[in-house]
Amino acid sequence: MQKLTAINASSCARLHLKCLPEDFLASLGYKFLYSLYKSMLQLDDISAWGIFYKSELTGFVIGISDSSTMTIRILRKNFKELVLWLTFKLIVNPLIIFNLLDTLFYSSRQPHKCESELLFIGVSEKWRRNEVGNRLIEQLFRDFKQKGIKCFSVNVYQKNLRANLFYQKLNGKLIGEFYLYHQHWNSYLFKF
Ligand SMILES: CC(C)(COP(=O)(O)OP(=O)(O)OC[C@H]1O[C@@H](n2cnc3c(N)ncnc32)[C@H](O)[C@@H]1OP(=O)(O)O)[C@@H](O)C(=O)NCCC(=O)NCCS
C-alpha cells in the first residue's frame, strides 16, 4: 500500500477510465482526468492510497476531509489546464454545460451534512474480488480516523450494482438518493 501523490496522477486517470468508462468525468477524456487528479492529489486534505503490482497501479482509493469546498480548490490548483480541456470539450459538445453546472452545485445535492467523502475507489478488473477494495477502504478508514473525522459519505450510481453491494457489505448506511448527470445516485454514510 502506497500513499499517492501528484506523480501518480497519470496512473489514477488511466485506472479511472478503465473502472468507470461510462462516468461523466471519464467522458471528458484522459487529459482532463489527468489534470483533475494532478490538482486533487495536491490538496492538503486528500487521503489517497494505491496498491501496485510490478509498478502497475492495481487499485486506488481517494477521499477528502472537506468536499464542500473541493471544486473551487481543485480549480485554483490548476485553473488554466482544467479550463483548457473543458473549453475544448465544450466546443465539441456544448450540451455538457449542464453536467458541468451540476458539478459546481454537486455538494448542495447531498442528502446529509457530512463534509468528508470517499471520492473514488477502483480496482483493475483482473484483481477484483481479491480483497483489494477492502484493503484500500480499510486504509482510508484508518486515515480518516487519524484525522479525527467522525463520518464520511460516498455517492454511487444506482445502476452500479457491484459498488452498491461493496458499500453495503462494509455496513454503509443508505441515507438518500439524488439525481445528477441524468443518473440516479445512492448516497451511503459511514460513521466511526
Ligand atoms: C467496487 C470495487 C472497488 C470492489 O473492489 P474489489 O477489490 O473487487 O472488492 P473486494 O474483493 O474487497 O470485495 C469486498 C466485498 O464487496 C462485495 N462485492 C464486491 N464486488 C462484488 C460483485 N461483483 N458482486 C457482488 N458483491 C461484490 C462482496 O460482498 C465482497 O466480499 P466477498 O468477496 O467476501 O463476498 C470494484 O468492483 C471496482 O473497482 N469497481 C469499478 C469502479 C467502481 O464502481 N467504483 C465505485 C464507485 S466510486
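The values are calculated or read from the model by the stated rules, or taken from the named source; none is laboratory data. A quick note: this is a predicted structure, and the numbers were derived from the prediction, not measured. Cβ coordinates were reconstructed from backbone atoms using ideal geometry, including for glycine residues, and neighbour counts include every protein chain displayed.
Can Ala13 be described as surrounded by 17 or more Cβ atoms within 10 Å (Cβ to Cβ), at pLDDT below 95 and within 15 Å of the ligand (Cβ to nearest atom)?
Here the answer is no, as Ala13 does not meet what is asked.
So which residues in segment 144-163 are in a helix (DSSP H, G or I) and near the ligand (Cβ under 9 Å from one of its atoms), if there are any at all?
Residues satisfying the conditions are Leu161, Arg162, Ala163.
Each row is one residue, and each column tells you yes or no for (1) part of a helix (DSSP H, G or I); (2) at negative phi; (3) within 15 Å of the ligand (Cβ to nearest atom).
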| site | (1), (2), (3) |
| --- | --- |
| Lys80 | yes, yes, no |
| Glu115 | no, yes, no |
| Leu119 | no, yes, yes |
| Glu138 | yes, yes, yes |
| Glu177 | no, yes, no |
| His184 | no, yes, yes |
